[in-house]
1. Could you check, for the range 169-182, whether at least one of its residues is modelled with pLDDT under 85, in contact with a Pro (Cβ under 9 Å, 6 or more places away or on another chain) and buried (at least 18 other Cβ atoms within 10 Å of the Cβ)?
2. Which members of the range 138-151 meet the condition of being over 31 Å from the mean Cα position of the chain (by Cα) and either touching a residue at least 24 places away in the same chain (Cβ under 8 Å) or loosely packed, with under 12 Cβ neighbours inside 10 Å (or both)?
3. Filter the range 60-81 down to residues that are without any contact (Cβ under 8 Å) to a residue 60 or more places away in the chain, assigned to a helix (DSSP H, G or I) and not hydroxyl-bearing (Ser, Thr, Tyr), then give me how many there are.
4. I want to confirm something. Restricting to the range 254-276 and keeping residues that are β-branched (Val, Ile, Thr) and touching a helix residue (DSSP H, G or I) at 6+ places or on another chain (Cβ under 6 Å), which single residue is surrounded by the most Cβ atoms within 10 Å (Cβ to Cβ)?
5. Can you tell me which condition Ile251 does not meet? The list is (1) surrounded by fewer than 17 Cβ atoms within 10 Å (Cβ to Cβ); (2) over 13 Å from the mean Cα position of the chain (by Cα); (3) among the β-branched types (Val, Ile, Thr); (4) over 25 Å from Phe53 (Cα atoms), and all the others hold.
6. Can you tell me which residue within the range 152-174, out of those that are more than 20 Å from Ser238 (Cβ to Cβ) and assigned to a helix (DSSP H, G or I), is farthest from the chain's Cα centre (by Cα)?
7. List the number of the failed condition for Ile86; all other conditions in (1) surrounded by fewer than 12 Cβ atoms within 10 Å (Cβ to Cβ); (2) at pLDDT 90 or above; (3) under 18 Å from the mean Cα position of the chain (by Cα) hold.
8. May I ask you to list pairs of residues, at least six apart or on different chains, whose Cβ atoms are under 9 Å apart, with the first in the range 154-178 being in contact (Cβ under 8 Å) with a residue 60 or more places away in the chain and the second being basic (Lys, Arg) and not in a loop (DSSP other than H, G, I, E, B)?
Amino acid sequence: MEAVVEKKKTKKLNYRKKQGILGTLFISPYALAFLTFIVIPVFMGIFLSFTAFDLIRMPKFIGFNNYINLLTADDVFMQKVIPNTIKFAFFTGPIGYLLAFLLAWLLAQIPQKSRTVLALLIYSPSLTAGVAMGVMWKIIFSGDQSGYLNAMLLNMRMIEQPIQWLTDPKYLMTVMIIVTIWGSMGIGFLAMLAGVLNINPELYEAAYVDGMSNKFQEIIYITIPSMKPQMLFGAVMSIVGTFNAGAIGVILSGTNPTPQNAGQLIVTHIDDYGFIRYDMGYAAAISVMLLLLVYLMGKLAKSLFQEKE
């Protein structure tokens, strides 16, 4: 009897080993790609942030000098980049996120065929390449009288001469925010739409029986609590998309730095030092600061929407 039990245990152990080996084989391509393109570059970036490196000479270790210069000597970073990034993130992040949720909720209220068409139309701008999107918006906001917006305002006699939308520091940030929000309905929007559609209708029926009286209460007490995983995913995607969308200022204005640094964000500051000035060590330090900022914002979103056990 003991031999039979021991034989069964051995077979079960061998089966688990085979399953473990098979699982490892399946996950190894993704793990290798993740290690090669995510983990190693992140650690290399952190290492380079402590060096002086110009792509020609070998990296020279300089300790925290890059970070000290970034926080104390880089006037553009402290006076322009940080305020611009906060302003840009404040408008594009929360507004884009709330708009994604609102559109997802509204689409869930209409028939399926119409919902599919409208969802595709709303999602399609996020599929547009940045350069192609920049070309389209450059035509709209062109600074001469042939630009669509200027031509319309001139015909309506609202302005007397064309406005330089993309080169005037007064208008560049506003245009960047508009363009970014227009193209922000991406994967996060689809996740929210799926979340709203998968809520059990019986929850709404039970809530109305218990005294719920309007759509606002429906959203607050049923919809949002029932789709917290999708809300968290949408928040994370919105945060990442917001901090990675800074290149739109360079695409629209055509210069880096942007005119009078009016549209200069952390991402474009990295590009300026890394790919124009070739100061890779300093650019790596800025990248680490951006990584920490995104991480902290992600933790904040997680604390707001993660399911409590």
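The values are calculated or read from the model by the stated rules, or taken from the named source; none is laboratory data. Just so it is clear, the structure is predicted and the values come from calculations on it, not from any experiment. Cβ atoms come from the backbone with ideal geometry, glycine included; neighbour counts cover every protein chain shown.
1. No, there is no match, as no residue in the range 169-182 is modelled with pLDDT under 85, in contact with a Pro (Cβ under 9 Å, 6 or more places away or on another chain) and buried (at least 18 other Cβ atoms within 10 Å of the Cβ).
2. Result: Asp144, Ser146.
3. 6
4. Once the filter is applied, the top-ranked residue is Thr258.
5. The one condition Ile251 does not meet is (1).
6. Asn155
7. Unmet for Ile86, out of (1) surrounded by fewer than 12 Cβ atoms within 10 Å (Cβ to Cβ); (2) at pLDDT 90 or above; (3) under 18 Å from the mean Cα position of the chain (by Cα): (2).
8. Note: pairs meeting the criteria are Leu166/Lys138; Met173/Lys87; Ile177/Lys87.
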